[in-house]
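A.B. asks: A single structure is presented below for examination.
The values are calculated or read from the model by the stated rules, or taken from the named source; none is laboratory data. Since the structure is predicted, the reported quantities are computational estimates derived from the model, not experimental observations. Neighbour counts run over all protein chains shown; Cβ positions are idealised from the backbone, glycine included. Accessible surface is based on the protein model in full, side chains and every heavy atom, while ligands, DNA and RNA are left aside. Shrake-Rupley method; radii C 1.70, N 1.55, O 1.52, S 1.80 Å.
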Amino acid sequence: MKSYAAVKKIPYDPKSNDPFVFHYYDPDKVLHGKPLKAHLKFAMSYWHTINAGGTDMFGSATLDKSFGKTDPMEVYRAKADFAFDLMDKLSLEYYCFHDIDIAPEGETLKESIANFRQMVDYIYDLQKKHNKKTLWVTANNFSDKRFMAGAATSCNADVFAAAAAKVKASIDAAIKLGATGYVFWGGREGYDTLLNTDMGLELDNLARFLKMARDYGRKNGFAGDFYLEPKPKEPTKHQYDFDAATCANFLRKYDLLGDFKLNIEANHATLAGHTFQHELRTAVVNGAFGSIDANQGDMLLGWDTDQFPTNVYDTTLCMYEVIQAGGFTNGGLNFDAKTRRASNTLEDILLSYIAGMDAFALGLELAYKLVEDGRIDAFVADRYRSYKSGIGKQIVDGTTDLAALAAYAEGLSAIEVESGRQEYLEAMMNNILFG
Ligand code: XUL
Ligand code: CO
(Lines give C-alpha, C1' and ligand atoms only; values in the text may rest on other atoms or scores of the structure.)
(Ligands and ions follow the chains in the order given, each with its own letter.)
Protein backbone atom coordinates (compact mmCIF):
# COMPACT_ATOMS: atom_id res chain seq x y z
CA MET A 1 0.00 0.00 0.00
CA LYS A 2 1.16 3.56 -0.75
CA SER A 3 2.54 5.74 2.02
CA TYR A 4 0.62 8.80 3.22
CA ALA A 5 3.09 11.12 1.48
CA ALA A 6 2.74 9.25 -1.82
CA VAL A 7 -1.04 9.71 -1.88
CA LYS A 8 -2.10 12.93 -3.58
CA LYS A 9 -5.70 14.03 -3.99
CA ILE A 10 -8.17 11.15 -3.57
CA PRO A 11 -10.04 10.78 -6.89
CA TYR A 12 -13.56 9.49 -7.50
CA ASP A 13 -13.15 6.27 -9.45
CA PRO A 14 -15.91 3.72 -8.89
CA LYS A 15 -14.19 1.03 -10.98
CA SER A 16 -10.77 1.18 -9.33
CA ASN A 17 -9.42 -1.30 -6.79
CA ASP A 18 -6.92 1.22 -5.49
CA PRO A 19 -7.64 1.73 -1.77
CA PHE A 20 -7.13 5.50 -2.05
CA VAL A 21 -10.16 6.34 -4.20
CA PHE A 22 -13.78 7.25 -3.53
CA HIS A 23 -16.21 4.73 -4.93
CA TYR A 24 -19.36 6.76 -4.20
CA TYR A 25 -18.29 10.30 -3.25
CA ASP A 26 -18.05 12.45 -6.35
CA PRO A 27 -17.97 15.94 -4.78
CA ASP A 28 -19.20 17.81 -7.86
CA LYS A 29 -21.88 15.37 -9.00
CA VAL A 30 -25.23 17.18 -8.97
CA LEU A 31 -28.15 15.48 -7.29
CA HIS A 32 -31.49 17.29 -7.04
CA GLY A 33 -29.94 20.60 -8.05
CA LYS A 34 -27.00 20.55 -5.62
CA PRO A 35 -23.53 19.01 -5.78
CA LEU A 36 -22.86 16.19 -3.32
CA LYS A 37 -20.38 18.37 -1.42
CA ALA A 38 -23.17 20.89 -0.69
CA HIS A 39 -25.61 18.18 0.38
CA LEU A 40 -23.13 16.52 2.71
CA LYS A 41 -20.89 19.37 3.95
CA PHE A 42 -18.23 17.00 5.33
CA ALA A 43 -16.03 18.27 8.14
CA MET A 44 -12.82 17.00 9.75
CA SER A 45 -12.76 16.70 13.54
CA TYR A 46 -9.46 18.18 14.66
CA TRP A 47 -9.35 16.40 18.03
CA HIS A 48 -9.53 12.86 16.69
CA THR A 49 -7.74 13.36 13.41
CA ILE A 50 -4.91 15.65 14.37
CA ASN A 51 -4.42 14.84 18.06
CA ALA A 52 -5.74 11.41 19.15
CA GLY A 53 -2.87 8.93 19.18
CA GLY A 54 -4.73 5.77 20.12
CA THR A 55 -4.40 5.89 23.91
CA ASP A 56 -6.99 3.97 25.88
CA MET A 57 -7.47 2.96 29.52
CA PHE A 58 -4.99 0.15 29.12
CA GLY A 59 -2.43 1.43 26.67
CA SER A 60 -0.34 4.28 25.40
CA ALA A 61 -0.38 5.97 22.00
CA THR A 62 0.13 3.83 18.91
CA LEU A 63 0.58 6.75 16.50
CA ASP A 64 2.82 9.74 17.16
CA LYS A 65 1.22 13.00 15.99
CA SER A 66 3.95 15.46 16.94
CA PHE A 67 5.22 15.53 13.33
CA GLY A 68 8.90 15.50 14.31
CA LYS A 69 8.72 18.67 16.45
CA THR A 70 9.31 19.18 20.18
CA ASP A 71 8.68 22.88 20.92
CA PRO A 72 4.96 23.03 21.82
CA MET A 73 4.03 25.89 19.47
CA GLU A 74 6.03 24.27 16.66
CA VAL A 75 4.22 20.97 17.25
CA TYR A 76 0.85 22.72 16.89
CA ARG A 77 1.90 24.61 13.78
CA ALA A 78 3.06 21.31 12.24
CA LYS A 79 -0.28 19.74 13.21
CA ALA A 80 -2.12 22.58 11.48
CA ASP A 81 -0.02 22.22 8.33
CA PHE A 82 -0.78 18.50 8.32
CA ALA A 83 -4.51 19.16 8.92
CA PHE A 84 -4.93 21.40 5.88
CA ASP A 85 -2.87 19.09 3.66
CA LEU A 86 -5.09 16.19 4.75
CA MET A 87 -8.26 18.16 4.02
CA ASP A 88 -6.93 18.91 0.53
CA LYS A 89 -6.19 15.23 -0.13
CA LEU A 90 -9.68 14.24 1.00
CA SER A 91 -11.60 17.16 -0.56
CA LEU A 92 -12.91 18.03 2.92
CA GLU A 93 -14.21 21.60 2.84
CA TYR A 94 -14.92 22.09 6.55
CA TYR A 95 -13.35 21.41 9.94
CA CYS A 96 -14.33 21.64 13.61
CA PHE A 97 -12.17 22.08 16.71
CA HIS A 98 -11.99 22.69 20.48
CA ASP A 99 -9.75 25.49 21.72
CA ILE A 100 -7.13 23.10 23.10
CA ASP A 101 -7.05 21.02 19.90
CA ILE A 102 -5.24 23.72 17.96
CA ALA A 103 -2.88 25.18 20.59
CA PRO A 104 -0.76 23.92 23.49
CA GLU A 105 -1.94 24.67 27.02
CA GLY A 106 0.25 27.08 29.00
CA GLU A 107 1.08 27.20 32.69
CA THR A 108 -1.93 29.44 33.37
CA LEU A 109 -5.34 30.03 31.81
CA LYS A 110 -4.09 33.38 30.52
CA GLU A 111 -1.12 31.76 28.82
CA SER A 112 -3.31 29.05 27.28
CA ILE A 113 -5.64 31.67 25.83
CA ALA A 114 -2.68 33.64 24.44
CA ASN A 115 -1.37 30.46 22.72
CA PHE A 116 -4.85 29.83 21.37
CA ARG A 117 -5.12 33.34 19.90
CA GLN A 118 -1.78 32.93 18.15
CA MET A 119 -2.84 29.63 16.64
CA VAL A 120 -6.21 31.04 15.52
CA ASP A 121 -4.23 33.60 13.50
CA TYR A 122 -2.07 30.82 12.07
CA ILE A 123 -5.10 28.76 11.09
CA TYR A 124 -6.86 31.80 9.66
CA ASP A 125 -4.06 32.12 7.09
CA LEU A 126 -4.08 28.41 6.31
CA GLN A 127 -7.85 28.43 5.93
CA LYS A 128 -7.61 31.20 3.35
CA LYS A 129 -4.73 29.59 1.49
CA HIS A 130 -6.44 26.19 1.27
CA ASN A 131 -9.92 27.58 0.71
CA LYS A 132 -11.47 25.81 3.73
CA LYS A 133 -14.26 26.77 6.12
CA THR A 134 -14.82 26.37 9.83
CA LEU A 135 -18.06 24.48 10.45
CA TRP A 136 -18.04 24.99 14.21
CA VAL A 137 -15.85 25.82 17.16
CA THR A 138 -16.12 24.71 20.78
CA ALA A 139 -14.23 25.02 24.05
CA ASN A 140 -12.88 21.99 25.85
CA ASN A 141 -14.34 22.59 29.31
CA PHE A 142 -13.97 19.04 30.54
CA SER A 143 -10.37 17.76 30.33
CA ASP A 144 -8.52 20.03 32.75
CA LYS A 145 -8.64 19.11 36.45
CA ARG A 146 -10.40 22.40 37.28
CA PHE A 147 -13.45 21.03 35.45
CA MET A 148 -13.67 17.85 37.52
CA ALA A 149 -17.07 18.89 38.92
CA GLY A 150 -18.31 20.47 35.69
CA ALA A 151 -17.81 23.87 34.05
CA ALA A 152 -21.01 25.94 33.92
CA THR A 153 -22.46 23.44 36.42
CA SER A 154 -19.44 23.39 38.73
CA CYS A 155 -19.99 23.90 42.47
CA ASN A 156 -17.22 26.52 42.29
CA ALA A 157 -18.00 29.97 40.80
CA ASP A 158 -14.34 30.55 39.86
CA VAL A 159 -14.56 27.51 37.60
CA PHE A 160 -17.73 28.98 36.05
CA ALA A 161 -15.69 32.11 35.30
CA ALA A 162 -12.75 30.13 33.87
CA ALA A 163 -15.18 28.30 31.58
CA ALA A 164 -16.57 31.67 30.49
CA ALA A 165 -13.06 32.90 29.62
CA LYS A 166 -12.49 29.86 27.39
CA VAL A 167 -15.87 30.17 25.71
CA LYS A 168 -15.34 33.89 25.09
CA ALA A 169 -11.99 33.19 23.38
CA SER A 170 -13.58 30.38 21.35
CA ILE A 171 -16.51 32.56 20.22
CA ASP A 172 -13.96 35.22 19.20
CA ALA A 173 -12.24 32.52 17.13
CA ALA A 174 -15.54 31.43 15.58
CA ILE A 175 -16.24 35.02 14.54
CA LYS A 176 -12.74 35.57 13.13
CA LEU A 177 -12.82 32.30 11.18
CA GLY A 178 -16.36 32.86 9.90
CA ALA A 179 -17.68 29.68 11.56
CA THR A 180 -21.39 29.04 11.06
CA GLY A 181 -21.74 27.12 14.32
CA TYR A 182 -20.70 27.11 17.95
CA VAL A 183 -21.10 23.85 19.93
CA PHE A 184 -21.68 23.18 23.60
CA TRP A 185 -21.14 19.54 24.40
CA GLY A 186 -21.72 19.31 28.15
CA GLY A 187 -18.59 17.28 28.83
CA ARG A 188 -18.95 17.18 32.60
CA GLU A 189 -22.21 19.10 32.88
CA GLY A 190 -23.97 16.45 34.90
CA TYR A 191 -23.40 14.58 38.15
CA ASP A 192 -22.45 11.24 39.64
CA THR A 193 -24.44 11.40 42.90
CA LEU A 194 -27.22 13.62 44.23
CA LEU A 195 -25.64 13.30 47.69
CA ASN A 196 -23.33 16.18 46.72
CA THR A 197 -25.36 17.94 44.01
CA ASP A 198 -27.76 20.92 43.86
CA MET A 199 -29.41 19.95 40.58
CA GLY A 200 -31.73 22.97 40.40
CA LEU A 201 -28.91 25.48 40.81
CA GLU A 202 -26.68 23.63 38.35
CA LEU A 203 -29.36 23.65 35.63
CA ASP A 204 -30.18 27.33 36.22
CA ASN A 205 -26.46 28.14 36.05
CA LEU A 206 -26.06 26.21 32.82
CA ALA A 207 -28.85 28.30 31.30
CA ARG A 208 -27.28 31.53 32.67
CA PHE A 209 -23.99 30.52 31.06
CA LEU A 210 -25.56 29.76 27.67
CA LYS A 211 -27.44 33.07 27.71
CA MET A 212 -24.25 35.00 28.42
CA ALA A 213 -22.48 33.17 25.58
CA ARG A 214 -25.38 33.83 23.21
CA ASP A 215 -25.50 37.52 24.14
CA TYR A 216 -21.73 37.92 23.76
CA GLY A 217 -21.76 36.18 20.40
CA ARG A 218 -24.67 38.16 19.00
CA LYS A 219 -23.25 41.46 20.25
CA ASN A 220 -19.95 40.75 18.54
CA GLY A 221 -21.32 39.64 15.20
CA PHE A 222 -21.71 35.86 15.46
CA ALA A 223 -24.68 35.14 13.18
CA GLY A 224 -24.45 31.34 13.09
CA ASP A 225 -26.21 28.71 15.19
CA PHE A 226 -25.37 27.71 18.73
CA TYR A 227 -25.76 23.99 19.33
CA LEU A 228 -26.22 21.72 22.29
CA GLU A 229 -24.86 18.22 21.65
CA PRO A 230 -26.92 15.61 23.50
CA LYS A 231 -25.19 12.70 25.24
CA PRO A 232 -26.69 10.60 28.06
CA LYS A 233 -23.62 9.54 30.03
CA GLU A 234 -19.82 9.48 29.95
CA PRO A 235 -17.97 11.15 31.52
CA THR A 236 -20.64 11.74 34.19
CA LYS A 237 -23.25 9.16 35.10
CA HIS A 238 -26.15 11.57 34.46
CA GLN A 239 -25.37 14.12 31.75
CA TYR A 240 -27.88 17.00 31.79
CA ASP A 241 -28.04 16.99 27.97
CA PHE A 242 -29.25 13.36 27.98
CA ASP A 243 -30.90 13.23 24.55
CA ALA A 244 -32.59 15.44 21.95
CA ALA A 245 -35.90 15.55 23.82
CA THR A 246 -34.22 16.51 27.11
CA CYS A 247 -32.22 19.24 25.37
CA ALA A 248 -35.29 20.60 23.56
CA ASN A 249 -37.13 20.79 26.88
CA PHE A 250 -34.19 22.57 28.51
CA LEU A 251 -33.92 25.09 25.67
CA ARG A 252 -37.67 25.74 25.75
CA LYS A 253 -37.76 26.12 29.54
CA TYR A 254 -35.00 28.74 29.49
CA ASP A 255 -36.19 30.44 26.28
CA LEU A 256 -33.09 29.59 24.25
CA LEU A 257 -34.74 27.85 21.27
CA GLY A 258 -34.09 29.75 18.07
CA ASP A 259 -30.54 30.77 18.90
CA PHE A 260 -29.78 27.20 19.96
CA LYS A 261 -30.28 24.07 17.89
CA LEU A 262 -28.94 20.55 18.30
CA ASN A 263 -25.83 18.79 17.07
CA ILE A 264 -26.90 15.16 16.89
CA GLU A 265 -24.24 12.45 17.21
CA ALA A 266 -24.97 8.89 16.11
CA ASN A 267 -23.00 7.18 18.89
CA HIS A 268 -24.63 9.40 21.55
CA ALA A 269 -28.06 8.42 20.22
CA THR A 270 -27.40 4.72 20.69
CA LEU A 271 -25.89 5.31 24.15
CA ALA A 272 -29.21 6.97 25.06
CA GLY A 273 -31.08 3.88 23.88
CA HIS A 274 -32.34 5.57 20.72
CA THR A 275 -31.69 5.15 17.04
CA PHE A 276 -29.77 7.88 15.24
CA GLN A 277 -32.90 8.48 13.15
CA HIS A 278 -35.04 8.92 16.28
CA GLU A 279 -32.74 11.63 17.60
CA LEU A 280 -32.71 13.43 14.25
CA ARG A 281 -36.52 13.30 13.96
CA THR A 282 -36.89 14.53 17.53
CA ALA A 283 -34.66 17.49 16.72
CA VAL A 284 -36.66 18.24 13.56
CA VAL A 285 -40.09 18.10 15.21
CA ASN A 286 -38.84 20.47 17.92
CA GLY A 287 -37.55 22.97 15.34
CA ALA A 288 -34.02 22.32 16.60
CA PHE A 289 -32.30 20.36 13.84
CA GLY A 290 -28.88 21.87 13.27
CA SER A 291 -25.82 19.76 12.63
CA ILE A 292 -24.56 16.18 12.84
CA ASP A 293 -21.59 14.41 14.40
CA ALA A 294 -21.21 11.49 12.03
CA ASN A 295 -19.87 8.30 13.55
CA GLN A 296 -21.11 4.97 14.80
CA GLY A 297 -20.86 3.02 18.03
CA ASP A 298 -20.55 -0.68 18.68
CA MET A 299 -23.83 -2.12 19.92
CA LEU A 300 -21.96 -4.66 22.06
CA LEU A 301 -19.97 -1.99 23.90
CA GLY A 302 -21.51 0.42 26.37
CA TRP A 303 -19.35 3.44 25.66
CA ASP A 304 -18.62 6.03 23.01
CA THR A 305 -16.35 4.25 20.53
CA ASP A 306 -16.50 7.03 17.92
CA GLN A 307 -16.00 4.76 14.92
CA PHE A 308 -16.09 5.96 11.36
CA PRO A 309 -19.61 5.35 9.99
CA THR A 310 -19.90 2.48 7.52
CA ASN A 311 -23.40 1.19 8.24
CA VAL A 312 -25.29 2.10 5.09
CA TYR A 313 -28.77 1.67 6.61
CA ASP A 314 -27.85 4.27 9.23
CA THR A 315 -26.35 6.73 6.76
CA THR A 316 -29.36 6.28 4.46
CA LEU A 317 -31.92 6.89 7.18
CA CYS A 318 -29.86 9.82 8.48
CA MET A 319 -29.81 11.48 5.06
CA TYR A 320 -33.51 10.69 4.63
CA GLU A 321 -34.13 12.82 7.74
CA VAL A 322 -31.79 15.56 6.50
CA ILE A 323 -33.57 15.69 3.13
CA GLN A 324 -36.99 15.83 4.79
CA ALA A 325 -35.69 18.65 7.01
CA GLY A 326 -34.77 20.64 3.88
CA GLY A 327 -31.01 19.94 4.02
CA PHE A 328 -28.28 21.60 6.04
CA THR A 329 -28.18 25.36 6.48
CA ASN A 330 -25.42 26.28 8.96
CA GLY A 331 -24.71 22.67 9.91
CA GLY A 332 -22.97 19.77 8.22
CA LEU A 333 -21.59 16.29 8.74
CA ASN A 334 -18.64 16.37 11.11
CA PHE A 335 -16.76 13.09 11.43
CA ASP A 336 -16.52 12.89 15.21
CA ALA A 337 -14.73 9.61 14.60
CA LYS A 338 -11.28 8.12 15.06
CA THR A 339 -9.31 5.28 13.59
CA ARG A 340 -9.16 2.15 15.76
CA ARG A 341 -6.12 1.94 18.04
CA ALA A 342 -4.63 -0.79 15.90
CA SER A 343 -5.18 1.17 12.68
CA ASN A 344 -2.12 3.16 13.54
CA THR A 345 -0.72 4.76 10.41
CA LEU A 346 -1.40 8.04 8.67
CA GLU A 347 -2.69 6.03 5.69
CA ASP A 348 -5.40 4.66 8.00
CA ILE A 349 -6.66 8.21 8.55
CA LEU A 350 -7.18 8.59 4.80
CA LEU A 351 -8.79 5.15 4.52
CA SER A 352 -11.15 5.88 7.43
CA TYR A 353 -12.37 9.16 5.98
CA ILE A 354 -12.81 7.50 2.58
CA ALA A 355 -14.92 4.79 4.27
CA GLY A 356 -17.07 7.35 6.10
CA MET A 357 -17.48 9.76 3.19
CA ASP A 358 -18.36 6.95 0.80
CA ALA A 359 -20.89 5.52 3.27
CA PHE A 360 -22.62 8.92 3.46
CA ALA A 361 -22.49 9.57 -0.30
CA LEU A 362 -24.08 6.17 -0.85
CA GLY A 363 -26.57 6.88 1.95
CA LEU A 364 -27.56 10.17 0.31
CA GLU A 365 -28.22 8.50 -3.06
CA LEU A 366 -30.22 5.74 -1.39
CA ALA A 367 -32.18 8.22 0.72
CA TYR A 368 -33.22 10.03 -2.46
CA LYS A 369 -34.37 6.67 -3.84
CA LEU A 370 -36.71 6.34 -0.86
CA VAL A 371 -38.00 9.89 -1.35
CA GLU A 372 -38.42 9.52 -5.13
CA ASP A 373 -40.13 6.15 -4.86
CA GLY A 374 -42.62 7.81 -2.53
CA ARG A 375 -44.33 4.62 -1.35
CA ILE A 376 -43.16 4.92 2.25
CA ASP A 377 -44.25 8.56 2.54
CA ALA A 378 -47.54 7.68 0.86
CA PHE A 379 -48.09 4.80 3.28
CA VAL A 380 -47.56 7.07 6.29
CA ALA A 381 -49.85 9.78 4.88
CA ASP A 382 -52.56 7.22 4.20
CA ARG A 383 -52.20 5.69 7.66
CA TYR A 384 -53.27 9.00 9.22
CA ARG A 385 -56.01 9.82 6.69
CA SER A 386 -58.68 9.81 9.43
CA TYR A 387 -57.31 13.22 10.50
CA LYS A 388 -57.97 14.74 7.08
CA SER A 389 -61.76 14.90 7.34
CA GLY A 390 -64.67 14.51 9.75
CA ILE A 391 -63.91 14.19 13.45
CA GLY A 392 -60.16 13.83 12.83
CA LYS A 393 -60.02 17.16 11.02
CA GLN A 394 -61.96 18.76 13.88
CA ILE A 395 -59.33 17.40 16.33
CA VAL A 396 -56.49 18.81 14.27
CA ASP A 397 -58.28 22.15 13.71
CA GLY A 398 -59.12 22.46 17.40
CA THR A 399 -62.85 22.76 16.69
CA THR A 400 -64.02 19.97 19.00
CA ASP A 401 -63.72 19.22 22.70
CA LEU A 402 -63.66 16.29 25.09
CA ALA A 403 -67.43 16.15 25.62
CA ALA A 404 -68.17 16.30 21.88
CA LEU A 405 -65.61 13.56 21.26
CA ALA A 406 -67.19 11.41 23.99
CA ALA A 407 -70.62 11.79 22.42
CA TYR A 408 -69.19 10.97 18.99
CA ALA A 409 -67.33 7.88 20.30
CA GLU A 410 -70.39 6.50 22.09
CA GLY A 411 -72.25 6.58 18.78
CA LEU A 412 -69.67 4.35 17.08
CA SER A 413 -70.44 0.65 16.67
CA ALA A 414 -66.99 -0.89 16.10
CA ILE A 415 -63.56 0.70 15.94
CA GLU A 416 -60.92 -0.99 13.83
CA VAL A 417 -57.28 0.05 13.56
CA GLU A 418 -55.62 -1.23 10.44
CA SER A 419 -52.32 -3.14 10.33
CA GLY A 420 -49.10 -1.15 10.64
CA ARG A 421 -47.48 -3.49 8.07
CA GLN A 422 -43.98 -3.12 9.52
CA GLU A 423 -42.50 -6.21 7.88
CA TYR A 424 -44.00 -5.32 4.50
CA LEU A 425 -42.47 -1.83 4.76
CA GLU A 426 -39.06 -3.15 5.81
CA ALA A 427 -39.01 -5.51 2.84
CA MET A 428 -40.22 -2.71 0.56
CA MET A 429 -37.41 -0.49 1.80
CA ASN A 430 -34.83 -3.18 0.93
CA ASN A 431 -36.39 -3.53 -2.46
CA ILE A 432 -36.25 0.21 -3.12
CA LEU A 433 -32.65 0.42 -1.90
CA PHE A 434 -31.18 -2.68 -3.47
CA GLY A 435 -33.50 -3.43 -6.40
C1 XUL B 1 -17.75 13.71 23.05
C2 XUL B 1 -18.05 14.48 21.85
C3 XUL B 1 -17.31 15.74 21.67
C4 XUL B 1 -18.11 16.85 21.09
C5 XUL B 1 -17.39 18.18 21.08
O6 XUL B 1 -18.46 12.54 23.17
O7 XUL B 1 -18.84 14.07 21.03
O8 XUL B 1 -16.18 15.47 20.91
O9 XUL B 1 -18.49 16.55 19.80
O10 XUL B 1 -16.98 18.57 22.33
CO1 CO C 1 -19.47 14.81 19.19
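A.B. asks: What list of ³J(HN,Hα) couplings, whole Hz, do you get for region 54-65 from phi and the Karplus terms 6.51, -1.76, 1.60, once you set θ to phi - 60° and write x for glycine and proline?
C.D. replies: Karplus-based 3J(HN,Hα) across region 54-65 equals x, 5, 9, 4, 10, x, 7, 5, 10, 9, 7, 10 Hz.
A.B. asks: Which order do you get for 425, 402 if you rank them by accessible area with a 1.4 Å probe, largest at the top?
C.D. replies: Largest to smallest exposure gives the sequence 402, 425.
A.B. asks: While we're here: Apply the Karplus parameterisation 6.51 cos²θ - 1.76 cosθ + 1.60, with θ equal to phi minus 60°, to every residue of region 152-164 and state each ³J(HN,Hα) to the nearest whole Hz, in sequence, with x for glycine and proline.
C.D. replies: Karplus values, whole Hz, x for Gly and Pro: 5, 10, 5, 6, 10, 5, 5, 5, 3, 5, 5, 4, 4.
A.B. asks: Which cross-chain or sequence-distant (5 or more) residues have an amide H under 5 Å from the amide H of residue 133, H modelled 1.01 Å from N in plane?
C.D. replies: Counting only residues 5 or more places away or on other chains, the set is 94, 95.
A.B. asks: Another question about this same structure. Quick one: which residues, 5+ away or cross-chain, put their amide H under 5 Å from the amide H of residue 264? H built at 1.01 Å from N.
C.D. replies: Under 5 Å from the amide H of residue 264 lie the amide H atoms of 290, 291, 292, 293, each far enough along the sequence or on another chain.
A.B. asks: I'd like the accessible area for residue 95: 1.4 Å probe, protein heavy atoms, all chains in place, Å² to the nearest 10.
C.D. replies: Surface accessible to solvent at residue 95 totals approximately 0 Å².
A.B. asks: Here's a follow-up. Please go through the residue pairs 29/128; 34/132; 145/237; 34/231; 15/338 and name each one whose alpha carbons sit more than 22 Å apart in this structure.
C.D. replies: 29/128; 34/231; 15/338
A.B. asks: Can you compute the equivalent ellipsoid semi-axes for region 128-194, i.e. the square root of 5 times each eigenvalue of the Cα gyration tensor, sorted largest first and rounded to whole Å?
C.D. replies: So the equivalent ellipsoid measures 28, 12, 8 Å along its semi-axes.
A.B. asks: How many percent of the alpha carbon pairs in region 80-164 exceed a separation of 20 Å?
C.D. replies: I get 42 percent for the Cα pairs in region 80-164 exceeding 20 Å.
A.B. asks: Could you state how much accessible area residue 369 has, in square angstrom rounded to the nearest 10, with a 1.4 Å probe and all protein chains kept in place?
C.D. replies: Here the accessible area works out near 90 Å².
A.B. asks: Compute the distance in nm between two label points, each set 7 Å from the Cα along the Cα-to-Cβ direction, one at residue 375 and one at residue 345.
C.D. replies: About 4.5 nm separates the two model spin labels.
A.B. asks: Of the heavy-atom accessible surface of region 31-373 (probe 1.4 angstrom), what whole percent is carbon and sulfur?
C.D. replies: 53 percent
A.B. asks: What Kirkwood hydrodynamic radius, in Å, does region 386-434 give when the mean of 1/r is taken over all pairs of distinct Cα atoms and then inverted?
C.D. replies: Kirkwood radius, region 386-434: 13.6 Å.
A.B. asks: Just reorder 57, 44, 73 by solvent-accessible area, largest first, 1.4 Å probe, all chains present.
C.D. replies: So, going from the largest accessible area down, we get 57, 73, 44.
A.B. asks: In µm²/s, what is D for region 71-219 at 25 °C and 0.890 mPa s, where D = kT/(6 pi eta Rh) by Stokes-Einstein and Rh is the Kirkwood radius from Cα pairs?
C.D. replies: This corresponds to a translational diffusion coefficient of 151 µm²/s.
A.B. asks: With the Cα gyration tensor of region 281-400 giving a ≥ b ≥ c as the square roots of its eigenvalues, does the rule (a/c under 1.5 for rounded; else a/b larger than b/c for prolate; else oblate) give rounded, prolate or oblate?
C.D. replies: Taking the square roots of the gyration eigenvalues as a ≥ b ≥ c, region 281-400 is prolate.
A.B. asks: Straight-line reach from residue 176: which aspartates and glutamates have a Cα under 13 Å away, not including same-chain ones fewer than 8 places off?
C.D. replies: Within the straight-line cut-off, residue 176 pairs with 121, 125.
A.B. asks: Once you sort the root eigenvalues of the Cα gyration tensor of region 336-435 as a ≥ b ≥ c, which label holds: rounded (a/c under 1.5), prolate (a/b larger than b/c) or oblate (the other case)?
C.D. replies: Prolate, because a/c is 1.5 or more and a/b exceeds b/c.
A.B. asks: Right, here's the next one. Can you tell me the 0 to 90 degree angle between the C-alpha axis of helix 199-219 and the longest principal axis of the chain, rounded to 10?
C.D. replies: The helix 199-219 is inclined about 70 degrees to the chain.
A.B. asks: Provide the per-residue ³J(HN,Hα) series for region 120-134, in order, calculated from phi with Karplus coefficients 6.51, -1.76, 1.60 and θ = phi - 60°, each as a whole number of Hz, with x at glycine and proline positions.
C.D. replies: Those phi angles translate into 4, 4, 4, 5, 4, 5, 5, 4, 5, 4, 9, 6, 10, 10, 8 Hz.
A.B. asks: According to the square roots a ≥ b ≥ c of the eigenvalues of the Cα gyration tensor, what is the shape class of region 1-115, taking rounded for a/c under 1.5, prolate for a/b larger than b/c otherwise, and oblate for the remainder?
C.D. replies: Judged from the Cα gyration tensor, region 1-115 comes out prolate (a/c at least 1.5, a/b above b/c).
A.B. asks: Still on this structure, I have one more. In degrees, nearest 10, range 0 to 90: what is the angle between the Cα axis of helix 244-253 and the longest Cα principal axis of the chain?
C.D. replies: That helix lies at roughly 90 degrees to the long axis.
A.B. asks: In nm, give the distance between the simple-model label positions of residue 34 and residue 404, each being 7 Å from the Cα along the Cα-to-Cβ direction.
C.D. replies: 4.1 nm
A.B. asks: A further question follows. Which far-off residues, 5 or more places away or on another chain, put their amide H under 5 Å from the one on residue 184, with H placed in the peptide plane?
C.D. replies: 227, 228, 229
A.B. asks: May I pose another question? Can you tell which of 284, 380, 30 shows the greatest fluctuation in a Gaussian network model of the chain with Cα springs below 10 Å?
C.D. replies: Maximum fluctuation in the GNM of the chain, among the listed residues, is at 380.
A.B. asks: Working from Cα positions, state the angle (0 to 90°, nearest 10) between the long axis of helix 72-90 and the longest principal axis of the chain.
C.D. replies: For helix 72-90, the angle is close to 50 degrees.
A.B. asks: To continue, here is another question. Of 73, 27, 42, which is farthest along the charge dipole of region 14-113 in the positive direction, counting Lys and Arg as +1 and Asp and Glu as -1 at C-beta?
C.D. replies: Value: 27.
A.B. asks: Additional query: Can you give me the C-alpha center-to-center distance between region 324-365 and region 208-264, rounded to a whole angstrom?
C.D. replies: Measuring centre to centre over Cα atoms gives 24 Å.
A.B. asks: Please report, in cubic angstrom per residue, the volume enclosed by the convex hull of the alpha-carbon atoms of the chain.
C.D. replies: In the chain, the Cα convex hull volume per residue is 186 Å³.
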